[in-house]
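The values are calculated or read from the model by the stated rules, or taken from the named source; none is laboratory data. All of these numbers come straight from a predicted model, not from anything done at the bench. FYI the Cβ positions are ideal-geometry reconstructions off the backbone, even for glycines, and counts take in every protein chain you see.
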Amino acid sequence: MSLEIVPLTVGPLQTNAYLLADTATRLAAVVDPGAEGERIAAEAQRRGWRIRHVWITHAHFDHIGGLAALAEALPTWPIVAMHPDDLWLWRLEGGAPLFGFRLDPGPEPSVFLEHGQRLRLGSTTFEVRHAPGHTPGHVMFYAAEPGVLLAGDVIFREGIGRTDLPQADFQTLLHSIATQVLPLPDQTRILPGHGPETTVGHERRFNPFLVGGL
């Protein structure tokens, strides 16, 4: 398997940005550059990787806030992909004004994702899984062969995403987890938007929001 994943914890909300690379071709993608775009670009450069794509799980400011700086630091403007149901949030600066500051979200997405779409990074295929509830356009990226789910803010280690923000909904989020996360093999690694990684099996057994409820 030629996929390598480098987690980078960035910004004041300790968001997990993920630098993905196909080590055979050295092509790379970034999932959720929430802050510190220059640092993400520098890490890719240090490893000899070429960032061509940015995949956004959802458009909250702490997941897109580093995109402008990342794009400026790259020799070639990246292709930005996101679900269209979060475009309204993108255009509201990821909700940053609600928290008292402004944000330049950078280059607007040019690729709009849909459920079931396949994304290729070298020899690895990622499946787009639409998982609304935290935001209407939240997606996850699942690679079956390495057994990895980049989950954004859908599910955390023994937790789930917030549903007290605009256009979030608790029952919708639980339905997304039941249909898009829990059917995956127990050994699937969950790489969340915040906090430590976990597995589907661990969350099935120990997540207090799910145990006995789904």
Worksheet, complete the sentence: Scanning the range 61-110 residue by residue, the ones that are touching a residue at least 40 places away in the same chain (Cβ under 8 Å) and on the phi > 0 side of the Ramachandran plot total 2
Practice prompt. Can you confirm whether the range 141-158 contains a residue that is at pLDDT below 95, part of a loop (DSSP other than H, G, I, E, B), touching a helix residue (DSSP H, G or I) at 6+ places or on another chain (Cβ under 6 Å) and over 16 Å from T57 (Cβ atoms)?
Written response: no
Discussion item. Being farther than 19 Å from L89 by Cβ and touching a residue at least 60 places away in the same chain (Cβ under 8 Å) is the filter here; which residues of the range 38-60 pass it?
Written reply: H53
Item to complete: Have a look at R129, R102, R120 and point out the one that is over 15 Å from the mean Cα position of the chain (by Cα) and either part of a strand (DSSP E or B) or modelled with pLDDT of 95 or more (or both).
Response: R120
Worksheet entry | Selection from the range 159-173 of residues that are outside any loop (DSSP other than H, G, I, E, B) and either modelled with pLDDT under 95 or under 22 Å from E114 (Cβ atoms) (or both) | T172, L173
Fill in: Criterion (surrounded by 15 or more Cβ atoms within 10 Å (Cβ to Cβ) and in contact with a Leu (Cβ under 6 Å, 6 or more places away or on another chain)) met by exactly one of G106, G159, G137, G152
G106
Item to complete: Assess whether P33 counts as being assigned to a loop (DSSP other than H, G, I, E, B), without any contact (Cβ under 8 Å) to a residue 60 or more places away in the chain and either among the basic types (K, R) or surrounded by fewer than 16 Cβ atoms within 10 Å (Cβ to Cβ) (or both).
Response: no
Worksheet item: Considering the range 56-77 alone, what residues qualify as being more than 15 Å from Y18 (Cα to Cα) and part of a loop (DSSP other than H, G, I, E, B)?
Response: A59, H60, L74, P75, T76, W77
Worksheet item: Going by the conditions given, is A59 of a type in the set (G, A, S), under 17 Å from P166 (Cα atoms), surrounded by 15 or more Cβ atoms within 10 Å (Cβ to Cβ) and at pLDDT 95 or above?
Response: yes
Worksheet item: Out of (1) in contact (Cβ under 8 Å) with a residue 60 or more places away in the chain; (2) buried (at least 16 other Cβ atoms within 10 Å of the Cβ), the odd one out for V181 is which?
Response: (1)
Worksheet entry | Selected residue (only one of T172, T163 is under 26 Å from F209 (Cβ atoms), in contact (Cβ under 8 Å) with a residue 24 or more places away in the chain and touching a Pro at 6+ places or on another chain (Cβ under 9 Å)) | T172
